[in-house]
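Here is the structure we will look at.
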Amino acid sequence: MKNNIFKFITKFISLICIFTFLVFIGLGTFFLITINNLNDPVIESIVSPKYSKIYDSSNNVIETLGNDEDYYIKYEDLPPLLIDALLSIEDAEFYYHKGINPKRVIISLINNINPHNSIQGGSTITQQLIKNLFLTNEKSYQRKIKEAYLSLKLEKELTKEEILEHYFNRVYFEKSVPGICYAAKKFFDKNVQELNLVEICALVSLVKSPSQYDPYKHIDNLEKRKNIVLKAMLTHQVISQNEYNLASSIEVNSLLNKNSNNFEATKYQAYLDVVYKEASKILNYDIFSYPVKIETYLDTSLQSYLDRIQEGDIITFNNDNMQIGAAVIKEKGHISGIIGGRNYHGKKLFNHSYDMKTNPASIIKPIYSYALGVEYLHYNEMTTLIDEPYYYPGTSLNINNVDHQYLGKLSLIEALGYSRNTCAIKVLEQVVKKIGKEKVISYLEDLNIMDEGPFSYSYAIGGMTYGTNPINIAGAYSMLRNHGKYYTPTTIKRIIDIETNKILYENTDEEKRVISNESADIITSSLERMIDGNYYNIGIAKPNNIIIAGKTGTGGYDINTIKKYNFPNNADKDIWFSGYSSSNTVSIWTGFDKPIKNKHTYFANKDETKKIAKRLFNLIISYVSNKNEHFNISENLTKVFVVKHQEKAYLPNEYTPSKYISFAYYKKEDIPNEVLPYPILNPINNVNVYQMENSIYISILDTIKEDNIYSNFYGNKGYLITISNEDYFQELFIESNEVECNLPHPGIYEIKIVETFKENYSLKGDSYDLIFTYF
């Protein structure tokens, strides 16, 4: 019995030993595989850091990230209280470990044995620096092993003081830009050396999560975290009880800088912010931490001009609440300049050209409904559209025009110029019937202007669910300038790894044909002629000696917002102008980020600020374009003079008034050859004339047939009656079949009656003649 127990215990212990051995072998293998994937250049890049560089279109360096003397602080300039605050809450034994703290690691492992728990705790200052610079936020043991291994290596290369200097300059204390200096300036408008205890604890609190503790969005979270930091400092005896009591009684919000424009304007920053965001999206990592060379399409001369516009040096805005955004695209999809907003001070700000989403209003009409109408329905500039009462397809909801009027028959140019919502939606409805809703949505996606949806017919007039921004609109308008080929707008030409010189990304200018060359050129012709026609005073946007095509768009507040904020009934939120010359595309947005009670955060009916979008376009397109630029129309289009406002395309005849003749460009398969039908004016066969007491009564028994063509030119059809003798002549036009005429005296009168038009008697049928004796 005892032998059996002994054998069982021996086997059990052996199994445990074997299992333990295998576990250690497995862990060791896992550790070796994990660290084997790490390269020493990771450590080298901290010890001897290299910085990302951004280049303009002429290959000149315009910014070196992370090496800005204004936002770099050396260890000896760090306030001791700041170091004490950080170490108290994050790593109290910083000066006593070699990169990892075994005691905290064990506690962290115990806390995470339960698979439902997340990996937490245990990170030293050194580990945090490693994680922020090179590792992801993935919560895994593999990441922890990498972090620990690199931390041990880093501690061999750098002193504790050097590690702290890197930490305070390269870790995020603010969600956009790394480093304590930028955060101190942004949140408290101070240099680091000027910070008090409360401000220091607030900034140290942000290390845990710059977004979760953002002072402008989550001040309550920050206030609680600030007091936790203070408590840690008291516990570690780096502040006194009196200091703790006083600092914990002061709210961060009372010290917070409320002026977000406390930074000086930085050259090209609106453009650079778009570069940062594009590069991070392409690479999926932070270019402030990983050194790359970024070549861009930045035109520094243009951007300097746009910077001055942002500062209010070029144009007066007269409304401090109004914001602006703009994008300039040169060849293909190359973004050469950006307006991010007025008084654009700081880094990684909300950029109105890139980050904003708002409805594009009527600027979508030429690139959407009408472009598809030309492509699939064989429309052109002179296609007749009817502006009349209409409903959103499939609903009983009435479509309104901005002036609440209906203008009847219009050419496509006129429908664009007068911005008729009814026409745009009716055209889109016909396109959907022809090609299907899926293809219509796909077209928007190809142009990168389809938002999260869902799609509805209101998209024809810019009524999107979420909206779009000036960069995407400029890209869509550039499609027209590029004769139907779409290029994705971008600021970035190439990204190169500085360490390896490997090309990480290169813009290949991939093109996508979304409509034909001919269709795009017909829309360009329409927009050019609309500008020349100065519809709704759109001519303000046109510079001298430069041919342009473009469209305005106005987006109003909804009725609920108007009532809530007591705005005027016609209060507008957004005003756009988007257009192009033959060499550049410019999209301008002006408007308001949000309505504010008792603030002029709207455009009133006759505000001069409503003209700013057009004026800005004029200034910018003049700056980037050459004099006497003009558009080249496809050779596959034929210019034909046709009669306006007809149900089909007719060539004019000799009776067509010149004001009703205009040209349009036709695709080969659509060239008209039918002459406008001549007017039909019938002879008069049956007339009765009666003498009355002091007059004669003429009754015409024939019936006038309606004329839908020449009546538009010369007025309604009717009868021209002449009554005459040797000493008397009377002529009158009537639209009815009966008339009473007074005669001066008895006699023999000649009466002639012809069918004609009210405004052109030269067009007439055969005359009915009679002699009448008046007693």
Would you pick out the residues in region 185-197 that are in contact (Cβ under 8 Å) with a residue 24 or more places away in the chain and either open to solvent by 10 Å² or more (accessible area, probe 1.4 Å) or touching a Gly at 6+ places or on another chain (Cβ under 8 Å) (or both)? Lys185, Lys186, Phe188, Asp189, Gln193, Leu195, Asn196, Leu197
Residue by residue through region 629-646, note down the ones that are open to solvent by less than 50 Å² (accessible area, probe 1.4 Å), in a strand (DSSP E or B) and touching a Ser or Thr at 6+ places or on another chain (Cβ under 9 Å). Leu637, Val642, Val643
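Within region 736-775, how many residues are of a type in the set (Ser, Thr, Tyr) and exposed (fewer than 13 other Cβ atoms within 10 Å of the Cβ)?
Of the residues in region 736-775, the ones of a type in the set (Ser, Thr, Tyr) are 736, 749, 756, 761-762, 767-768, 773-774.
Applying the additional criterion that residues be exposed (fewer than 13 other Cβ atoms within 10 Å of the Cβ) yields 736, 762, 773.
Residues that pass the stated criteria total 3.
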I'd like to know if region 71-90 contains one or more residues that are of a type in the set (Lys, Arg), open to solvent by less than 70 Å² (accessible area, probe 1.4 Å) and at pLDDT 80 or above. no
When only residues in region 51-105 that are part of a loop (DSSP other than H, G, I, E, B) and among the hydrophobic types (A, V, I, L, M, F, W, C) count, which is nearest to the chain's Cα centre (by Cα)? Leu65
Do you know which residues across region 750-767 are over 60 Å from the mean Cα position of the chain (by Cα) and modelled with pLDDT of 95 or more? Glu750, Ile751, Lys752, Ile753, Val754
Is it true that Glu174 is surrounded by 22 or more Cβ atoms within 10 Å (Cβ to Cβ) and under 33 Å from the mean Cα position of the chain (by Cα)? yes
Could you identify the single residue in Ile386, Ile425 that is surrounded by 16 or more Cβ atoms within 10 Å (Cβ to Cβ), outside any helix (DSSP H, G or I) and either among the acidic types (Asp, Glu) or in contact with a Ser or Thr (Cβ under 9 Å, 6 or more places away or on another chain) (or both)? Ile386
Scanning region 696-726 for residues that are over 26 Å from Lys409 (Cα atoms) and in a loop (DSSP other than H, G, I, E, B), which turns out farthest from the chain's Cα centre (by Cα)? Glu726
Report, by residue number, each residue of region 540-571 that is under 23 Å from Glu414 (Cβ atoms) and of a type outside the set (S, T, N, Q). Ile540, Ala541, Lys542, Ile547, Ile548, Ala549, Gly550, Lys551, Gly553, Gly555, Gly556
Exclusive hit being among the polar types (S, T, N, Q), open to solvent by 50 Å² or more (accessible area, probe 1.4 Å) and modelled with pLDDT of 95 or more, set Asn59, Asn37, Asn67: Asn59
Filter region 221-262 for residues that are farther than 26 Å from Ala92 by Cα and not hydrophobic (A, V, I, L, M, F, W, C) and give the result. Asn253, Ser254, Asn257, Lys258, Asn259, Ser260, Asn261, Asn262
With the first residue restricted to region 330-347 and required to be open to solvent by less than 10 Å² (accessible area, probe 1.4 Å), and the second required to be part of a loop (DSSP other than H, G, I, E, B) and modelled with pLDDT under 95, Cβ contacts under 6 Å at 6 or more apart or on different chains are Gly346/Phe263
Among residues belonging to region 659-675 that are within 39 Å of the chain's Cα centre (by Cα) and acidic (Asp, Glu), point out the one that is nearest to Met530 (Cα to Cα). Asp670
When you go through Thr490, Thr422, Thr508, Thr465 one by one, which is the residue that is modelled with pLDDT under 95 and of a type in the set (Ser, Thr, Tyr)? Thr465
Out of region 647-667, which residues are under 25 Å from Ser634 (Cα atoms) and either assigned to a loop (DSSP other than H, G, I, E, B) or without any contact (Cβ under 8 Å) to a residue 24 or more places away in the chain (or both)? Lys648, Ala649, Tyr650, Pro652, Ile661
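Look at Val238 and say whether it is assigned to a loop (DSSP other than H, G, I, E, B), among the hydrophobic types (A, V, I, L, M, F, W, C) and either open to solvent by 40 Å² or more (accessible area, probe 1.4 Å) or at pLDDT 95 or above (or both).
Answer is yes for this residue.
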Would you be able to say whether some residue in region 463-485 is open to solvent by less than 10 Å² (accessible area, probe 1.4 Å), in contact with a Gly (Cβ under 8 Å, 6 or more places away or on another chain), of a type outside the set (A, V, I, L, M) and on the phi > 0 side of the Ramachandran plot? no
Filter result for Ile700 (open to solvent by 70 Å² or more (accessible area, probe 1.4 Å) and among the β-branched types (Val, Ile, Thr)): no
Whichever residue in region 598-621 is assigned to a loop (DSSP other than H, G, I, E, B) and of a type outside the set (Asp, Glu) and, among such residues, is surrounded by the most Cβ atoms within 10 Å (Cβ to Cβ): Tyr602
Region 301-322, residues that are aliphatic (A, V, I, L, M) and open to solvent by less than 30 Å² (accessible area, probe 1.4 Å): Leu302, Leu306, Ile309, Ile315, Met322
May I ask you to list pairs of residues, at least six apart or on different chains, whose Cβ atoms are under 6 Å apart, with the first in region 90-104 being within 21 Å of Val229 (Cα to Cα) and free of Cβ contacts under 8 Å to residues at least 40 places away in the same chain and the second being among the hydrophobic types (A, V, I, L, M, F, W, C) and surrounded by 18 or more Cβ atoms within 10 Å (Cβ to Cβ)? Asp91/Ile125
Scope region 431-446; condition out of contact with any Gly (no Cβ under 7 Å at 6 or more places or on another chain), in contact (Cβ under 8 Å) with a residue 40 or more places away in the chain and not hydroxyl-bearing (Ser, Thr, Tyr); matching residues: Lys434, Ile435, Val440, Leu444, Asp446
I'm trying to understand the selection: among the residues of region 356-369, which are closer than 23 Å to Val274 by Cα and assigned to a loop (DSSP other than H, G, I, E, B)? Met356, Lys357, Asn359, Pro360
Scan Phe733, Phe729 and give me the residue that is open to solvent by 50 Å² or more (accessible area, probe 1.4 Å) and part of a strand (DSSP E or B). Phe729
Name the one entry in Asn682, Asn725, Asn712, Asn708 that is of a type outside the set (Gly, Ala, Ser) and in contact with a helix residue (DSSP H, G or I) (Cβ under 9 Å, 6 or more places away or on another chain). Asn712
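The values are calculated or read from the model by the stated rules, or taken from the named source; none is laboratory data. None of these values were measured; they are calculated from a predicted model. Neighbour counts are summed over all protein chains in view; Cβ atoms, including those assigned to glycine, are modelled from backbone coordinates with ideal geometry. Areas reflect the complete protein model, heavy atoms only, side chains present, ligands, DNA and RNA absent. Shrake-Rupley method; radii C 1.70, N 1.55, O 1.52, S 1.80 Å.
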